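Input: a single structure, listed below in structure tokens.
The values are calculated or read from the model by the stated rules, or taken from the named source; none is laboratory data. The structure presented is a predicted model; accordingly, all values stated were derived computationally and were not measured. Virtual Cβ from ideal backbone geometry, glycine too; neighbours counted across all protein chains shown. SASA here: full protein model, heavy atoms, side chains in, ligands and nucleic acids out. Shrake-Rupley method; radii C 1.70, N 1.55, O 1.52, S 1.80 Å.
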Amino acid sequence: MQKAFPFFSSRDVRNIQSAVSLRFTDFDLEEDWFKNPEVYFKQDYQTKFNMFQ
């Protein structure tokens, strides 16, 4: 990023990365997944992946 925008400091880049990360992970999981782990947490990877799509 600093190559494309040399006027950005490392603090600017870190703040941008943090903001993007927070927005990327801002979603709610089904409450049932926590009450009944077999529904999601005890599934294999591919099943979990398909549940998110």
Check: With labels modelled as points extended 7 Å from the Cα through the Cβ direction, what inter-label distance (nm, one decimal) is found for Asp32 paired with Val20?
Finding: 3.5
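Given a 1.4 Å probe and every protein chain left where it sits, what share in percent of the accessible area of the chain is carbon and sulfur?
Carbon and sulfur atoms account for 55 percent of the accessible area of the chain.
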Next item on the list: Compute the accessible area per residue over the range 14-53, keeping the other protein chains in place, probe 1.4 Å, unit Å².
Entry: 94
Notebook entry, point to check: Classify the chain: rounded, prolate or oblate, from the alpha-carbon gyration tensor (a ≥ b ≥ c, eigenvalue square roots; a/c under 1.5 rounded; otherwise prolate if a/b is larger than b/c)?
Noted result: prolate
Check: Helix 10-24 sits at what angle to the longest principal axis of the chain, using alpha carbons and giving 0 to 90 degrees rounded to 10?
Finding: 20
